[in-house]
Amino acid sequence: MGLVGLGLGGVSPAYSAMSPEITVPSPPANVPHIRPSVACPEDLETLVAGLVRDLPGYANRVASRALVGLAAAEWPFGGVLVVGEPELEPIDLSNRIFRDLPGIEAATAQVFFTTLERQYVNEQAVLLQHYHWLFLAPSDRGWLMVFMFSSVGPYPAAGRAPSPPQDSTDGIIGQAVGLWLRDCRARSVYPVSAVGLMETEL
C-alpha cells in the first residue's frame, strides 16, 4: 500500500505495510458549536492531522459542486468515506523524474495518505482505494500545496495492483486539500486539537 500503490515500491516499508481495517469515524459529540479562531499549525504533523480529519467533508463538497447537473451514469462518484493514517517520511527525489517538476525545490514536505471512496457502477456500489502523494511548501502565509499525485485500486486490494500515479492536483481530492489549507490559513477550521476528541469517539 502507500508508496507501493503509487508505483514506488521498496521505500517507506512502514507505510507500504499498512493494510488498515477502515471504519468511518463518528462525528465528535463534544466539539463546541462556536469555532474558535486559532492560527493554522506551523508543525507539519499537527497540520496534517487536521487535514485528514476534515478532508472527507471538503472532498464531498467539492464533488457536489463539480457534479451538479450530471447524471449518475456520466460521473458515478459516490463519496469519500474516510482518509487513512498519513505517513510523513519523505523519499529521496534526487534520482527520480519528479525532481524536474516546477516548484519541487520549494516542496519541503511530502505526505502520503489514502482515501476510501465509493462509486456506483451499473447501480452497484464499488469501493475504491486511492493512494495520494502530496507535496507541501511553507510560505510567509502558511503551508501551500505544490502538487499531488494519485493512483487508484480496488478495495480490498487482494493482491491487485493499482493504476500508475497521475497528477491529481486539480482533481477532487487535490482541490479539497487546497481549500482546506486556504481555510486553515484564514483561521476558518476547527482547532486541530479537536482531533483528539474524534479519536476518543472511535
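The values are calculated or read from the model by the stated rules, or taken from the named source; none is laboratory data. Note that the coordinates shown come from a computational prediction; the quantities given were computed from them, not determined experimentally. Ideal geometry is used to build each Cβ from the backbone, glycine not excepted, and the neighbour counts take in all protein chains shown.
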TODO: Go through the range 121-156 and give me each residue that's in a strand (DSSP E or B) and more than 28 Å from residue 46 (Cα to Cα).
DONE: 121, 124, 125, 126, 127, 153, 154
Open item on the list: Contact list please: Cβ distance under 6 Å, first residue in the range 179-192 and in contact (Cβ under 8 Å) with a residue 24 or more places away in the chain, second residue of a type in the set (Phe, Trp, Tyr), pairs at least six apart or on different chains.
Closed with: 179/58; 180/58; 181/143
Task: Cross-chain or 6+ apart pairs with Cβ under 7 Å, the range 107-128 first and among the aliphatic types (A, V, I, L, M), then outside any strand (DSSP E or B) and at pLDDT below 80 - done: 116/22; 121/76
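Results for (1) hydroxyl-bearing (Ser, Thr, Tyr); (2) out of contact with any helix residue (DSSP H, G or I) (no Cβ under 7 Å at 6 or more places or on another chain); (3) at pLDDT 70 or above, shown as yes or no for each residue.
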| position | (1), (2), (3) |
| --- | --- |
| 37 | yes, yes, yes |
| 55 | no, no, yes |
| 61 | no, yes, yes |
| 73 | no, yes, no |
| 79 | no, no, yes |
Task: Residue under evaluation residue 163, criteria (1) over 11 Å from the mean Cα position of the chain (by Cα); (2) surrounded by 17 or more Cβ atoms within 10 Å (Cβ to Cβ); (3) among the small types (Gly, Ala, Ser), criterion not met - done: (2)
